[in-house]
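Structure first, commentary second.
The values are calculated or read from the model by the stated rules, or taken from the named source; none is laboratory data. Only a predicted model underlies this, so the values are computations on that prediction, with no experimental measurement involved. Cβ coordinates were reconstructed from backbone atoms using ideal geometry, including for glycine residues, and neighbour counts include every protein chain displayed.
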């Protein structure tokens, strides 16, 4: 019986050692998984916080986008307008602005568009004559238009006579341009 008792004790001891070893391996696995999960969460947390910040800022970002689109509309024509349409609109606008200020426009020509970093720069060359104060008034009127009209070139020459109000009459060659966004 002594032998049977020892064998039973040995079997129990081996079983306890096996269960202990199994618990040790399982515990080590759980600890490693916990460490891995903690490190992964530490890496993900800043990204998650940024995403939450973007989600919370969505209404402000949408408003800023609408404001930017409105500002762009004041700066140039959209891609929905053809370059030829933009050139014709600028030509009519410039002629109307000069004539409204009292200048007489003798010629105007739409220039070929120049591509510049996602933009088309559409220009018009005009030849006009009138008194110097009227020219200043016309230039100021062109500067206040929307979309913005830039004055790319201005050559002023005296015409050799005076207007009815005594101011000198000048002949000018004016080049104006507007922007058209390509996309």
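For residue 32, state whether it is modelled with pLDDT under 90, assigned to a helix (DSSP H, G or I), out of contact with any helix residue (DSSP H, G or I) (no Cβ under 7 Å at 6 or more places or on another chain) and more than 30 Å from residue 126 (Cβ to Cβ).
Values: modelled with pLDDT under 90: no; assigned to a helix (DSSP H, G or I): yes; out of contact with any helix residue (DSSP H, G or I) (no Cβ under 7 Å at 6 or more places or on another chain): yes; more than 30 Å from residue 126 (Cβ to Cβ): yes.
Here the answer is no, as residue 32 does not meet what is asked.
Which residue is surrounded by the most Cβ atoms within 10 Å (Cβ to Cβ), if the candidates are limited to region 90-115 and must be touching a strand residue (DSSP E or B) at 6+ places or on another chain (Cβ under 7 Å) and more than 24 Å from residue 181 (Cα to Cα)?
Per the stated criteria, the residue is 98.
Which residues, taken from region 67-111, are part of a loop (DSSP other than H, G, I, E, B) and within 16 Å of residue 151 (Cα to Cα)?
Correct list: 111 only.
Quick one: count up the residues across region 105-122 that are in contact with a helix residue (DSSP H, G or I) (Cβ under 8 Å, 6 or more places away or on another chain) and either more than 14 Å from residue 88 (Cα to Cα) or touching a residue at least 40 places away in the same chain (Cβ under 8 Å) (or both).
Qualifying residue count, region 105-122: 5.
Provide a single number: the residues in region 151-183 that are loosely packed, with under 14 Cβ neighbours inside 10 Å and closer than 14 Å to residue 91 by Cα.
Result for region 151-183: 1.
Can you go through 118, 87, 130 and tell me which one is closer than 20 Å to residue 183 by Cα and surrounded by 14 or more Cβ atoms within 10 Å (Cβ to Cβ)?
Answer to the check: 87.
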